[in-house]
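To keep things clear, I will list the structure first and then write my remarks on it.
Read-outs: derived from the displayed coordinates by stated rules, not from any lab. Since we're looking at a predicted model, the values are computed, not measured. Note that we place each Cβ from the backbone using ideal geometry, even for glycine, and neighbour counts take in every protein chain shown.
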Amino acid sequence: MKEYILNIETATKNCSVSLSKNGVTVCCKETAEEGYAHAEKLHVFIESVLAEAQVPYSNLCAIAVSQGPGSYTGLRIGVSAAKGLSYSLQIPLIAIDTLETLVYQVKQDNGWIVPMIDARRMEVYSAVFNGKKERISPVESVILTPESFSMYSGVMYFVGDSTEKAKTVLNNPNFIFLEDTKYPSAREMSLLSYQKFLNKNFVDVAYFEPYYLKDFMIVK
């Protein structure tokens with residue numbers, strides 16, 4: 001059985017859309033621009049991946065969207081589009097942790113993996129994952145200092161759009177910064193969304209909201 005899922009990632013500067021079949025990416029369109037072109041590009045990319053794969057909307061079995069943390073505007077655009085498609089097509093909505101999507105770009109399976117999303121100045125949205133890509137710390141807003149992540153021993157891989165500023169304060173010789181990966185992509189959402197689809201791990205279209213970590217921290 002061919003189970004097609006449309007994956008939408010807009011939590012950062014990268015506006016990314018992929019179509020997956022049984023957990024494998026069939027087609028992906030994305031662009032990372034300074035001016036956040038999500039509003040103009042997102043629906044164009046959705047139409048493009050479906051047309052390129054020759055898959056009609058009626059063949060989709062679910063819509064997956066990046067839930068955050070990330071850009072407030074980017075997340076709003078992505079989630080609004082995903083909820084609209086899910087509701088109109090009457091198919092499930094799946095929410096994917098943005099940081100986990102970043103982790104799945106890392107090939108290393110040893111040590112610790114730290115995905116980071118820029119939150120201005122020396123602040124990042126982050127969490128710590130083990131080599132099996134299992135999250136072992138809560139998602140939180142971290143102000144980077146030389147002492148950040150010092151409680152972990154062994155090799156630690158940093159991935160995301162904040163590696164350049166992180167390198168200015170994180171000087172531990174065990175810290176490795178992966179330069180070729182900057183933004184989460186819908187390409188890596190394919191397997192994650194398919195696993196959630198098989199487990200029927202869906203969110204309520206009417207009540208689902210993006211994970212605005214900074215707003216949450218302020219309220220707290």
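Side notes on the structure shown:
- Ranking of S66, S185 by count of other Cβ atoms within 10 Å, fewest first: S185, S66
- Summing charges over neighbours of K21, with a neighbour being any other residue whose Cβ is under 15 Å away from its Cβ, gives 0 when K and R count +1 and D and E count -1.
- 0 to 90° range, to nearest 10: angle between helix 72-89 axis and the chain longest Cα axis: 30
- The chain, relative contact order in percent, only Cα pairs under 8 angstrom and at least six apart counted: 24
- Taking R76, R120 and counting other C-beta atoms within 10 Å, the order from fewest to most: R120, R76
- The range 68-109 shape via C-alpha gyration tensor axes, a/c threshold 1.5: oblate
- Of the residues V139, N171, Q108, the one whose Cα sits farthest toward the positive end of the charge dipole of the range 106-177, with +1 on the Cβ of Lys and Arg and -1 on the Cβ of Asp and Glu, is Q108.
- Nearest-ten-degree value, helix 38-53 long axis tilted from longest Cα axis of the chain: 60
- Hypothetical label at E52: residues of the range 95-117 whose amide nitrogen lies under 12 Å (7 Å Cα-Cβ projection): none
- Modelled FRET efficiency - R0 35 Å, N130 with T73, Cβ distances, 0.05 increments: 0.60
- Less than 5 angstrom separates the built amide H of F177 from those of F158, all sequence-distant by 5 or more or on a different chain.
- By the count of other C-beta atoms within 10 Å, a proxy for reagent exposure, T10, T25, T163, T73 are ordered fewest to most as T73, T25, T163, T10.
- Helical runs assigned H by DSSP (4 residues or longer) give the chain a calculated mean residue ellipticity at 222 nm of -8500 deg cm²/dmol, each run adding -39500 (n - 2.57) before division by the residue total.
- Normalised contact order of the range 106-177, rounded percent, pairs of Cα under 8 Å and 6 or more residues apart: 33
- Top positive-direction residue, dipole computed over the chain with Cβ charges, set S71, Y152, V55: V55
- Overall form of the range 106-177 per C-alpha gyration tensor (a/c, 1.5; a/b vs b/c): prolate
- Between 0 and 90°, nearest 10: helix 189-198 axis offset from the chain longest Cα axis: 60
- Loop-resident GluC sites (Glu not before Pro) (DSSP state other than H, G, I, E or B) in the range 142-220 with no more than 11 further Cβ atoms inside 10 Å of their Cβ: E147, E179.
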